[in-house]
């Protein structure tokens, strides 16, 4: 198979029937809320692409009054534009909205860690999504709602989320869509263009971006995963995605190592 043919095949597989996907995801959310006997949904609304799409789907499934978007900025880290974008999305959708500053909680935890040190960037950063999830579940418990996650399939396969943080949710409607497919759906749902074009970031530290941490763009990462889905050989995928074979093998290995994040805790058999 030529590089051009492989690239066409992979790109074609990433195209989705937007209307059909919208209907299925809206029905999925509605069904899961009903099955749980819940009254609504709580979404961590960051002002980014994924959370805006999830909030839009929840509003379509449950109605405006039954969706709460919670923006959880951190002083000195969260860009004020992100908070403004989250507020704008909630206003456009007509859903309820709260802003909860996580700075005091994060500082309180850091100050009470016996061996906390400035150099422990990742462990310290992972405190933040776990604090955010605590806040989301507070509102979910308060309002008899479920926490609807915003992770997409690219993040899930790469293990690019915090265990018991943004990965700890009740349902994950975008878990079946790669990042590039979420962008397609966002345009279909009329999510503001500025939100679709925002640089993806987990907001873990100042200047942090997803693609910088992953070491690859979402477009190329999704081509790798789609190529694997199609059963293509790693060298063919590398040519089609215009990446090194080492990158393909790196994400194959990363998916294997991160599988524990997607599983319930292991229990030994006696």
Criterion (more than 21 Å from residue 167 (Cβ to Cβ), assigned to a helix (DSSP H, G or I) and in contact with a helix residue (DSSP H, G or I) (Cβ under 9 Å, 6 or more places away or on another chain)) met by exactly one of 86, 55, 75, 61: 61
Within the range 11-28, does at least one residue satisfy the condition of being over 25 Å from residue 181 (Cα atoms) and surrounded by fewer than 17 Cβ atoms within 10 Å (Cβ to Cβ)? no
Which residues, counting only those in the range 41-52, are in contact with a helix residue (DSSP H, G or I) (Cβ under 7 Å, 6 or more places away or on another chain), within 17 Å of residue 98 (Cβ to Cβ) and part of a helix (DSSP H, G or I)? 52
Is there any pair with a first residue in the range 118-147 that is without any contact (Cβ under 8 Å) to a residue 60 or more places away in the chain and at negative phi and a second that is surrounded by fewer than 17 Cβ atoms within 10 Å (Cβ to Cβ) and in a helix (DSSP H, G or I) whose Cβ atoms are under 6 Å apart and which are 6 or more apart or on different chains, and what are they? 127/109
Only one of 47, 40 that is more than 17 Å from residue 134 (Cα to Cα), buried (at least 20 other Cβ atoms within 10 Å of the Cβ) and modelled with pLDDT under 95: 47
Residue 235 vs. criteria without any contact (Cβ under 8 Å) to a residue 60 or more places away in the chain, in contact with a helix residue (DSSP H, G or I) (Cβ under 9 Å, 6 or more places away or on another chain), surrounded by fewer than 15 Cβ atoms within 10 Å (Cβ to Cβ) and assigned to a helix (DSSP H, G or I): yes
Can you tell me how many residues in the range 200-216 are within 18 Å of residue 84 (Cβ to Cβ) and in contact with a helix residue (DSSP H, G or I) (Cβ under 8 Å, 6 or more places away or on another chain)? 3
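The values are calculated or read from the model by the stated rules, or taken from the named source; none is laboratory data. On a predicted model such as this, the values are computed, not experimentally measured, just so you know. Counting neighbours? That spans all protein chains shown, and the Cβs are built from the backbone with ideal geometry, glycine included.
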